[in-house]
Structures are given as structure tokens and as C-alpha cells.
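Contents: one structure, followed by commentary.
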Amino acid sequence: MLAVLHGRTYRHLFGAQVIALTGSGLATVALGLLAYELAGPRAGAVLGTALAIKMVAYVTVAPIAAALLGGLSRRAVLVALDLVRAGVAVALPWAGEVWQIYVLIFLLQAASAAFTPLFQATIPDVLTDERDYTRALTLSRMAYDLEGLLSPALAAAALTVLGFHDLFLGTAAGFAASALLVVSVLLPRNTPAPRPATTRGIRIYLATPRLRGLLAAHLAAAAAGSMVLVNTVGYVRDVLHRDAPDVAIALGANGIGSLAAAVVLPRLLDRVPDRVVVVRAVAALVVLLFTGTMVAGTWPMLLVLWTLIGAACTFALTPGARLLRRSASPDDRAAVFAADFALSHTCWLVCYPLAGWLASAASMTTAFAVLGVIAAGALMIARRVWVSDTAKSVAVPAGRR
């Protein structure tokens with residue numbers, strides 16, 4: 001798996017991703033503390049609003065940025081967006097009002113919404129062999145999972161000697177280092193092409209059977225993942241009556257499951273078609289959510305359930321980048337990756353508040369059941385619209401750009 005790091009270009013790009021992720025993890029901790037400093041007991045509402053703003057930025061900005069920036073130098077755009085993110089991170093400690101946090105978070109996430117799909121669409125042009133690309137996807141997934149496990153610990157260690165405002169400086173340093181790594185390599189040139197319409201990537205995405213199936217997988221993963229990310233605190237503290245450190249343990253179990261799945265996924269995809277892996281993982285998420293209505297009432301069972309959900313989400317989502325690569329021409333790749341970014345986060349934008357509202361207004365069992373129904377619907381859609389792994393993408397005529 002680590003052989004893909006022998007190439008200098010991808011090694012530097014992967015290093016940029018890891019450093020930027022670490023900086024983002026520090027910002028997550030610092031933002032919670034800043035919200036508490038400014039809003040006190042209302043900190044939870046502030047963070048919830050900030051999360052909603054993040055998703056809105058992801059959904060709206062990604063396709064627009066792909067259309068506007070697609071004809072520019074990839075390296076210049078990526079470096080500029082990293083510097084914008086670094087500048088916003090430097091400004092966050094100076095926020096003295098809640099509305100200022102909201103504005104800065106929107107700017108930060110808008111830059112990330114433009115950066116991430118373009119970065120993802122660049123990797124297939126750097127690693128043209130599919131086996132290498134699959135292993136790069138696994139490394140990327142592992143980086144995300146390890147960031148979730150290690151960034152809180154790193155932030156806690158830093159806070160023993162620094163104030164939380166200094167964590168934002170660490171975030172800015174991470175984005176600046178990412179920009180330096182990106183500027184240190186030559187990236188493949190964009191193929192000259194007419195600038196696509198804002199909706200072109202979404203039209204290609206929704207016209208391609210395998211990508212409609214992938215969108216259904218995103219919905220199922222959002223249903224299960226929202227149950228974990230939104231309701232772990234309430235489940236551990238209020239249902240199981242356990243201490244605060246056990247919240248971190250439960251979230252860590254979810255990350256460990258995801259990490260374990262990422263390790264075995266490359267060899268699995270060498271032998272098993274992507275459709276089989278994705279659809280079976282979605283089916284597993286359905287089973288796990290309905291199982292949660294019956295057996296998640298004990299601490300050991302919750303840890304097992306969270307671990308399995310983490311693994312199933314990785315199996316369902318990680319092959320997605322391979323599907324995107326196969327379903328778009330080089331000219332349209334950035335637009336299609338941006339469409340996936342926007343549409344997948346729309347699923348999370350729906351499931352995040354639904355998971356929290358159901359658990360608060362009804363019960364955890366009800367939340368498991370309703371999200372299980374959503375995942376079951378997603379499974380039915382995936383099986384119906386994605387009938388073959390060999391189906392070709394459906395081209396959108398150039399005249400409709």
C-alpha cells in the first residue's frame with residue numbers, strides 16, 4: 001500500500017492532505033472552546049448552527065467553484081485556497097461576536113468546498129494505474145480516520161501548555177504547510193475545454209447509473225453516520241449513564257472500525273466488483289441500524305455496533321472515487337467530483353438534524369428505526385438503479401453546457 005508514496009508528486013500531495021487534516025482537527029477543538037467563551041450555555045446551539053453553515057457551504061459552493069475555477073491552473077487554485085483557509089484560521093481567535101464566527105466559518109468551509117473536489121479530481125491524473133489509485137484512496141481514508149482519533153489527543157496535549165486561541169494558529173500553519181507542499185510539485189495540466197455550466201457535473205452524475213447508486217450509498221452512510229456523530233453523547237451519558245471519557249471511547253470504536261475496513265479494502269476490490277462491495281455494505285448498514293433498536297442498550301453492544309457501522313460506511317463509500325473516475329472524462333472530472341461532494345453532503349444535511357430531532361423528541365430507538373428505514377430505502381434504490389458494474393456513463397451533450 002505504501003508503494004504509492006514512492007512517487008514524489010503523490011507523496012507531497014498526501015503530505016499536504018495529512019497536515020491540513022491535522023490543522024482542521026485542531027480547529028474543531030478550538031472552535032468548541034471559542035463558542036463556549038462567547039456563548040456559554042448556548043455553545044451547543046452555536047456549534048450546531050456552525051455545522052449547518054458548513055454543510056450549506058459544501059452543498060452550494062462546490063459545483064459553482066468547479067464551474068468557475070475549472071479552467072485555471074490546478075496548482076495555483078489549490079495554493080490560493082489553502083492560503084485563504086490559513087487567513088481565516090488566523091482571524092478566528094479575534095472573533096468577538098457569534099455572528100463573526102458564522103461569517104468566518106462560512107468563508108473557511110467555502111474555501112474547503114472549492115479545494116477538496118479539485119484536490120480529489122487531481123489524484124487520478126497523478127496515479128493513472130487503478131491499483132495504485134485504489135491504494136491511494138485507502139491511504140486517504142486512513143488519514144481521515146487517524147485524524148479523528150489523534151487530533152483530539154494532540155489538541156489536549158497542546159492545551160496543557162498553550163491557550164485554545166493558539167490552536168487556530170496551528171490550523172493556519174497546517175494550511176500554509178499544505179500550500180507549500182502543493183506548490184513544490186508539478187501537477188498535470190488541465191485539458192483545454194469550454195468552461196462547463198454550474199450544473200454540468202450534477203447532470204452527468206444523475207445521468208450515470210452507477211453514480212445514482214453511489215448517491216444512494218451516501219444516503220445510507222449519512223443515516224448511519226449521523227446516528228453515531230449526533231447521538232453518541234446522548235446515548236452514552238443519558239441512556240447508558242456513563243462518564244464523559246466513554247464518549248471518546250465510543251467515537252474511537254467507530255473510527256477503529258473504519259480504519260480496519262480501509263486496511264482490507266484494496267485487496268478486496270482486487271477480487272470483488274465495486275458494486276458488490278458497495279451494495280452489500282449498504283445492506284449491512286440497514287441491518288445494523290435495525291439491530292440498534294434491540295441490542296444497543298448495553299455498553300459492550302454499543303461499542304460493537306459503532307465499530308461495525310464504521311467499517312460498513314468505509315466499505316460503502318471508499319470505492320466511490322473509483323466510480324467517479326470511471327464515469328467522467330478528464331474534462332469533466334473536476335465537475336463530477338464537485339457534484340459528488342455537493343450531493344453527498346446534502347444527504348448529511350438532511351440526516352444530521354433528523355437524527356438529533358428524533359432522539360430528542362421521541363427516543364434513541366425511534367431514531368435507529370427511522371434512520372434504518374431511510375437506509376433501507378437507499379438500498380432499494382441502489383439495487384434498482386445500479387444493475388451492473390460494466391454500465392457506461394451517460395454523456396451529456398456538449399451543446400447543453
Scanning segment 255-277 for residues that are among the acidic types (Asp, Glu) and surrounded by 15 or more Cβ atoms within 10 Å (Cβ to Cβ) gives 274
Residue tally, condition part of a helix (DSSP H, G or I) and without any contact (Cβ under 8 Å) to a residue 12 or more places away in the chain, over segment 222-245
3
Give the number of residues within segment 84-106 that are free of Cβ contacts under 8 Å to residues at least 24 places away in the same chain and crowded, with 17+ Cβ neighbours inside 10 Å.
2
Checked 80, 50 against criteria (in contact with a helix residue (DSSP H, G or I) (Cβ under 6 Å, 6 or more places away or on another chain) and either surrounded by 16 or more Cβ atoms within 10 Å (Cβ to Cβ) or among the charged types (D, E, K, R) (or both)); the one match is 50
Residue among 339, 316, 283 that is of a type in the set (A, V, I, L, M, F, W, C) and touching a Pro at 6+ places or on another chain (Cβ under 7 Å):
339
So, residue 225, is that one within 22 Å of residue 354 (Cα to Cα) and surrounded by fewer than 23 Cβ atoms within 10 Å (Cβ to Cβ) or not?
no
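Results for (1) more than 28 Å from residue 209 (Cα to Cα); (2) free of Cβ contacts under 8 Å to residues at least 24 places away in the same chain, shown as yes or no for each residue.
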residue: 291; (1), (2): yes, yes
residue: 298; (1), (2): yes, no
residue: 314; (1), (2): no, no
residue: 320; (1), (2): no, no
residue: 334; (1), (2): no, no
residue: 340; (1), (2): no, no
residue: 353; (1), (2): yes, no
residue: 357; (1), (2): yes, yes
From the list 113, 155, 143, exactly one residue is buried (at least 21 other Cβ atoms within 10 Å of the Cβ) and either within 17 Å of the chain's Cα centre (by Cα) or under 28 Å from residue 326 (Cα atoms) (or both). Which is it?
113
So residue 220, is it closer than 22 Å to residue 376 by Cα, surrounded by 20 or more Cβ atoms within 10 Å (Cβ to Cβ) and in contact with a helix residue (DSSP H, G or I) (Cβ under 7 Å, 6 or more places away or on another chain)
yes
Here are some conditions: (1) surrounded by 20 or more Cβ atoms within 10 Å (Cβ to Cβ); (2) over 30 Å from residue 239 (Cα atoms). Residue 280 meets all but one. Which one does it not meet?
(1)
Listed residues 369, 359; which is farther than 13 Å from residue 219 by Cβ, in a helix (DSSP H, G or I) and in contact with a Leu (Cβ under 9 Å, 6 or more places away or on another chain)?
369
Helices (runs of 4 or more DSSP H) wholly inside segment 246-333 containing at least 3 residues that are farther than 22 Å from residue 218 by Cβ
274-295, 299-317
Evaluate segment 242-256: report whether one residue or more is hydrophobic (A, V, I, L, M, F, W, C), closer than 17 Å to residue 283 by Cβ and either assigned by TED's automatic domain parsing to the domain that holds residue 138 or touching a Phe, Trp or Tyr at 6+ places or on another chain (Cβ under 6 Å) (or both).
no
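The values are calculated or read from the model by the stated rules, or taken from the named source; none is laboratory data. Just so we're clear, the structure is a prediction, and the values are computed from it rather than from any experiment. We place every Cβ from the backbone using ideal geometry, glycine too, and count neighbours over all the protein chains shown.
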